[in-house]
1. Could you give the length gained on full extension between S117 and Q225, defined as 0.36 nm per residue of separation minus the Cα-Cα distance, in nm?
2. Once the Cα atoms of helix 90-104 and of the chain are each reduced to a long axis, what angle between those two axes, in degrees from 0 to 90 to the nearest 10, is obtained?
3. Relative to the longest principal Cα axis of the chain, at what angle does helix 67-77 sit, 0 to 90 degrees, rounded to 10?
4. FRET efficiency for N199 and F128, Cβ-Cβ distance as r, R0 = 30 Å, nearest 0.05?
5. Whole-Å semi-axes of the chain's equivalent ellipsoid, largest first, each the root of 5 times a Cα gyration tensor eigenvalue?
6. Roughly what would the spin-label model give for K26 and E159, points 7 Å off Cα along C-beta, in nm?
7. Hey, fewest Cβ within 10 Å first, where do H207, H58 land in order?
8. Assign unit charges at the C-beta atoms only (+1 for Lys and Arg, -1 for Asp and Glu), then state the dipole size of the range 118-222 relative to its Cα centre in Debye, rounded to the nearest 20.
Amino acid sequence: MKFTFLGTGGAFDIEFGNSAALVEFKTHTILLDCGFTVYPVLRANQLTRGIQYILLTHLHNDHTGSLANILLHCHFFNTNCRPAILYPDDDFRDEIYEFLRLQLQKPEKYVDFVPLSELPGITAVDTFGQHADNLQTYAYIFEENGQRIAYSGDMGQPEAFYAYLRGMPPKPTTVFQDITFDEANSAHTYYKRLIPLANGYELFGYHCNPGKSPEDNPFPLVQQQPSLMLPGLVEETARLS
């Protein structure tokens, strides 16, 4: 199991790209979120053809802005490439379908919808309302060959997510956690709020501008870990910033 991040920035940190990752899981390649900066990165690195599944945390533009482009590109330019969207429940599937219908008219022409339960080893954690009022969001937990990796999605209230993790059978766990260094930003997890929750986990922060990380931030950031980033992105974002 391997995560390769295609971007680690927040919605407005375009120099670091929208937060998204390619996940190698049980011989499958999953695109985890696909904001508006993701399609150009995939194209530049010739990665569209390898995408088998797409998994979304929620429908904000910095997590879905490339979705229609990717599906259209695979349909028209990549022979025998038809990604499937994994969905955790029927209501969220319907939300994704309507989101795509406004852009593609007939989404079923370009994509299949597959229940997440058909890919064992991935657990969806319902985080409704923990990022924005009345917005459906999900965190995801991936387990394979003794590894457990948790991906927070966007949340400003992390306590329930960590309570869920602690209720699982003990296992070394890596957490990729959206993080903010601005206490007034209630849509994402303020780094000091994480400190009492993160004990026992290997935690990396993402969905942030690393240049704003204060000296007392104890958490390493994904952007600063070359082994977690698509080759070349660390150097490129350092140049742009």
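1. 35.7 nm
2. Taking the Cα atoms of the chain, the angle to 90-104 is about 60 degrees.
3. 40
4. Computed FRET efficiency for N199 and F128 comes out at 0.70.
5. Working through the eigenvalues yields semi-axes of 27, 21, 17 Å.
6. About 3.4 nm separates the two model spin labels.
7. By the 10 Å Cβ count, ascending: H58, H207.
8. The dipole magnitude comes to about 240 debye.
None of the figures in this text is laboratory data; all of them are computed from the coordinates on show. No experiment lies behind these values; they were computed from the predicted model shown. Cβ: placed from backbone, ideal geometry, glycine included. Neighbour counts: every protein chain shown.
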